[in-house]
Amino acid sequence: MITDHPLRVIQWTTGNVGRRSLHAIIGRPDMELVGVYAHGPEKVGVDAADLAGWPEPTGVRATNDVDALLALGADACCYNPLWPNIDELVRLLESGVNVCTSAAWITGGKQTPQNRQRIVDACERGGSTILGSGAHPGMTNMVGMVLSAACERVDEIRITESVDCSTYESAETQTAMGFSQDPDTPGLTESVRAESEVFAESAAMMADAIGARLDKMTFDVTFTAATADTELGFMRIPAGTVGGVYGYHRGWVGDRNVVSVGFNWTMGDHVVPPKPVEHGHVIQVFGVPNMRTVIHCLPPKDWAEPGFMGLGMIYTAMPVTNAVPAVVAAKSGIVTLADLAPITGRVAR
Ligand SMILES: NC(=O)c1ccc[n+]([C@@H]2O[C@H](COP(=O)([O-])OP(=O)(O)OC[C@H]3O[C@@H](n4cnc5c(N)ncnc54)[C@H](OP(=O)(O)O)[C@@H]3O)[C@@H](O)[C@H]2O)c1
């Protein structure tokens, strides 16, 4: 998609994912960075270039003044905070700022009906649009939906993130998904279900795309305890605590499991998960024919950063940032990847 003027974009937080988005926005001729929101006080006043690892100053300094950001009249916001905040989203959307987010949003189905309605109403007031994407959920679901186009009959689309998460340095996220906790903690399955419910939203999106009317969603998970301690720097996985999380959010039509979105995650060096880790996103469409692919996120020849975590963060950020032009052009309201033409990257300049 080519726009006739650069789209004016705000970057909301600059953590693992957000700083990759910020880097991409600064580099894109069809986008103009107009504002950066900082949650951390130490980032307020810092030039976006320093936050993104960009070589020259941008002149745009991070702020926690939301009114000032809204007054910019931006076209869009790439919203990548640790936890999404409905009040923030409402303020952005009702002021006319389109939102592209990686923060636990696909359909809004995990929100309370009241909060989801607040988002719908804010979009209507602002004539704005919200899209949630990312790597998983996001890109993986898109590939699953696209693969299903090869089938005369689709029995199930199954997406599995099958990775060692040890290099994903977000202790809050990892602990919320069960890691480092006692596997017998009362309520652990329910809390992991709730924390990962955005995967259920993505399953519902895929079900809708293949014409399945779901009767129910279920969640099942197996926790595997680590057999020895691992020190990861940003967190510890002590022996006997959760070092493997294998589970699915499943959508059902009657007794048929037609969509499944889940994970086979490990952390640390001392865990044997129920299924071998495939180091990628495994996309399976069962039907006629069966289709299968694995998405691997690999370093290019000129990758200069130590380790590969940054690649995964770019893979997470870009489906969201690259969606900005399509989301600005979309009808107002909540849209999903199933509503938009395929989002593409940009050719290198
Ligand atoms: N769909 C996918 O594939 C996928 C994959 C990974 C992550 N995600 C989601 O993407 C989002 C960002 O992930 P991330 O790894 O970048 O997260 P992160 O680095 O741990 O945190 C992101 C930013 O949130 C702000 N923050 C920190 N603590 C906060 C708190 N208690 N309340 C509100 N904001 C807080 C900070 O902003 P400042 O930088 O301004 O201080 C931080 O840099 C999360 O919602 C995550 O679940 C999606």
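Overview of values
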read-out	value
Selection within the stretch 107-127 - without any contact (Cβ under 8 Å) to a residue 40 or more places away in the chain and among the hydrophobic types (A, V, I, L, M, F, W, C)	A122
Qualifying position, being of a type in the set (D, E, K, R), under 25 Å from R193 (Cβ atoms) and under 24 Å from the mean Cα position of the chain (by Cα), among R250, R292	R250
Only listed residue being within 12 Å of the ligand (Cβ to nearest atom), hydroxyl-bearing (S, T, Y) and either under 15 Å from the mean Cα position of the chain (by Cα) or outside any strand (DSSP E or B) (or both), chosen from T160, T167	T167
Residue that is surrounded by the fewest Cβ atoms within 10 Å (Cβ to Cβ), among those in the stretch 50-76 that are in contact (Cβ under 8 Å) with a residue 24 or more places away in the chain, away from the ligand (no atom under 13 Å from the Cβ) and among the hydrophobic types (A, V, I, L, M, F, W, C)	A68
Some residue of the stretch 181-196 being buried (at least 17 other Cβ atoms within 10 Å of the Cβ) and in a strand (DSSP E or B)	no
Filter result for M313 (under 20 Å from the mean Cα position of the chain (by Cα), within 24 Å of A103 (Cα to Cα) and either buried (at least 17 other Cβ atoms within 10 Å of the Cβ) or in contact (Cβ under 8 Å) with a residue 24 or more places away in the chain (or both))	yes
Positions within the stretch 47-88 being outside any loop (DSSP other than H, G, I, E, B) and among the aliphatic types (A, V, I, L, M), in sequence order	A48, A49, L51, A52, A62, V66, A68, L69, L70, A76, I86
Close pairs from the stretch 278-296: first over 16 Å from F263 (Cα atoms), partner acidic (D, E) and in a strand (DSSP E or B), Cβ under 6 Å, at least 6 apart	F286/D155; F286/E156; G287/D155
Single unsatisfied condition, T140 versus (1) more than 13 Å from the ligand (Cβ to nearest atom); (2) part of a helix (DSSP H, G or I); (3) among the hydroxyl-bearing types (S, T, Y)	(1)
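Computed from the coordinates by the stated procedures, all read-outs in this text should not be read as laboratory data. For clarity, every value in this text was computed on a predicted model and none was experimentally measured. As a convention, Cβ positions derive from the backbone with ideal geometry for all residues, glycine included, and neighbour counts pool all protein chains shown.
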